[in-house]
Amino acid sequence: MADTLAAVPAVPATGTPAGTVPAGTATGTPAGTPAVSPRGDVPTADDRATNFFRVAAGVRSSALPRLSLLLRRTAALALLAGLWETLPRLGVVDRVFAPPLSEVLVAWYDLLVGGQLVEHFQASLIRSLSGFALAIALTIPLGLAIGWYRPVADFLSPVLELFRNTSAVALLPVFILIFGLGEPSKIIFVFYACSWPILLNTISGVRTVEPLLVKSARSMGLSPFRLFQKVILPAAVPTIFTGVRLAGAYSILTLLFAEMVGAKAGLGYLIQDAQFSFRIPDMYAGIITISVLGLLFNLLLVTVERRFSTWRTTS
Amino acid sequence: MTVTQTQTQTQTRNRTRIRTENPAQDRPERQAKIVIRDVGKVFRIRGTDRPFIAVDGIDLDVRDGEFLTLVGPSGCGKSTLLDLIAGLTAPTTGEILIDGEAVTGPGLDRGIVFQQYALFPWRTALANIEFGLEAKAVPRKERRERARHYLDLVGLTGFEHRYPHELSGGMRQRVAIARSLAFDPDVLLMDEPFAALDAQTRESLQEELLRIWEKTNKTIVFITHGIDEAVYLGQRVAVMTSRPGRIKRVIDIAFESREGDLRADPRFGAYRHEIWTLLRDEVAAAQEQERTIG
């Protein structure tokens, strides 16, 4: 580090005359800039490597670019909120059907305080999560079996192909007939819709494992079971997770539909009921809630995904 | 030049004849680590009934503790031969013996190093080296220790917890070599391990491989495209013909030691030229083949 400090004034890249720079600011220069190793000789492979890691770790970051990024990212949202607020007030759109955002937020707050929002939210969340969890628990093993064992794939593929092209929505009446109007039919419905992205990604995850890795593991005399456990499964995890994330989004989207068709609680019911009884701000409050729920759910899954695949090249 | 060539040729021939005629009391025969006898491999071209002869009638002995390099035109079946020794595929004809026993499948008595490293990207350097030890059911603690030892051996101390994508190509190949050494195989099979590296890294890894070889007494079969590399590393260089691959000639590289700048030795140039001459016709034949097939 001492070499680094000494090297700074010699390079007047900052525009300030050399020498006037106080020692304190020199410490603030981003690490990893000088190409000279601490010993002052030609960088060795190891020096180069550590330097590379330091830069790759993203040490160089300043507050100003971050702020501008934040502005760029939120500008469109702010614009949307602004339009939603002003257009109804100016009479450009009918404020009966599209009340200003502030009125919707007030309605949302009233629903929250009144306890209805929590009740509907909870009902929806339980259904979504149950279907989603069921899909993960049953479909990943099935996908692994199909991806790994050719006979299983040959046996199940035609049936799966048929069902894959049958919309969940088309099957909802069937689910209701079989499981009644209560919770089971909705959970099964969500489960069905969530299964496909998980299943297809699991199969492709298993099938697209780098053949060289399999060869390398086989050369070390691994049994088929160990090969599956130690190579195929970890290699397939990122692809499987892509499917899980898609399924997370589906679980909320499809549930909403089920709740609109027949339910006495849930955010889908809230939205539908509010529209029927002409409580328009309530309807929008429900819609906003569901959007935010979807957003948070995806964020959660992305975080979990990151934890599971730290080894992936992130560039 | 021609004198050296014919000499080596007769020497090789003599040795082979002695071995086949008098196997019982022949010393080299007993010492051979790997014996490849009349090995051929035929694949079926996908979607047709046409056979594809990858290698044919290969006879080759590798002595215990020997460093043998294998050169040949591209597509001559070098990698197929290595797969056969590794036990990843079975020969169509002939047999391969290791310590007198026929190869029936892959095993931890042989380790392979691939050109593309084949490291497990979800495992750190240390965990990659431990992989073979897990397959060998070595206890966890000993696994750790051994993995560290081999990481030191390839000069990567301090990089234990790096993932492959955080390492340079040369470092990755060092990890791959350490992984193959860690479960202590007798034979190291290397399939163009340094071909994807830059010249400088390649040279330093070549030196290091020689150092490791001298230290560990492994039997090494090393496939390469580079004639220089073959002469520099090998005690013997086996030259293969174009497809179907056969052993065209085995050349003894008679350097007493590999200290100093071997490449500047006039004999280095002579060996190099000899192999180049042997390969030239085969490369031409291989190119002709590719043209007629394509």
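Quick rundown of the values:
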read-out	value
Paramagnetic label zone (point 7 Å from Cα along Cα-to-C-beta, B:Val42; backbone N under 13 Å) in the range B:60-95	B:92-94
Intensity falloff of the range B:60-137 expressed as log10 I(q)/I(0), Debye formula with alpha-carbon point scatterers, at q = 0.17, 0.21, 0.22, 0.24 Å⁻¹	-0.87, -1.17, -1.22, -1.30
Local electrostatic count at A:Val113 - Lys and Arg +1, Asp and Glu -1, tallied over other residues with Cβ under 15 Å	-3
DSSP loop GluC sites (Glu not before Pro) with at most 11 other Cβ within 10 Å: longest gap in chain B	B:1-255
Whole-angstrom gap from the range B:115-133 to the range A:266-307, using each part's C-alpha centre	45 Å
Neighbourhood charge, 15 Å Cβ-Cβ cut-off, centred on A:Glu103 and excluding it, Lys, Arg +1 and Asp, Glu -1	-1
Rounded FRET efficiency, nearest 0.05, which uses the C-beta distance separating A:Val214 from A:Val292 and R0 of 60 Å	0.90
Gyration tensor verdict on the range A:161-238 (Cα atoms; rounded if a/c is under 1.5, prolate if a/b is larger than b/c, oblate otherwise)	prolate
For A:Arg218, net neighbour charge (Lys/Arg +1, Asp/Glu -1) across residues whose Cβ lies under 14 Å away	+2
Packing-based order for A:162-175, A:283-296, using average beta carbon neighbours within 10 Å, highest first	A:283-296, A:162-175
Fraction of beta bridges assigned by DSSP in chain B that are antiparallel (%, nearest 5)	55 percent
Virtual spin-label span in nm between B:Lys215 and A:Thr242, 7 Å along Cα→Cβ	4.2 nm
For A:221-229, mean number of other protein chain Cβ atoms within 10 Å	2
Label-point separation, A:Arg150 to B:Lys136 (7 Å along Cα→Cβ), nm	3.3 nm
Residue order, fewest to most beta carbons within 10 Å, for B:Lys248, B:Lys215	B:Lys215, B:Lys248
Gain in span if fully extended, A:Ile178 to A:Leu71, counting 0.36 nm per residue against the direct Cα distance	33.4 nm
Relative packing of B:113-125, A:106-118, which averages over residues the other C-beta atoms within 10 Å, highest first	B:113-125, A:106-118
Inter-part distance where the range A:75-149 and the range A:210-226 are each reduced to a Cα centre, Å	46 Å
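Where a number appears in this text, it was derived from the coordinates with a stated rule and is not lab data. Please read these numbers as outputs of a predicted model, since none were measured by experiment. Cβ: placed from backbone, ideal geometry, glycine included. Neighbour counts: every protein chain shown.
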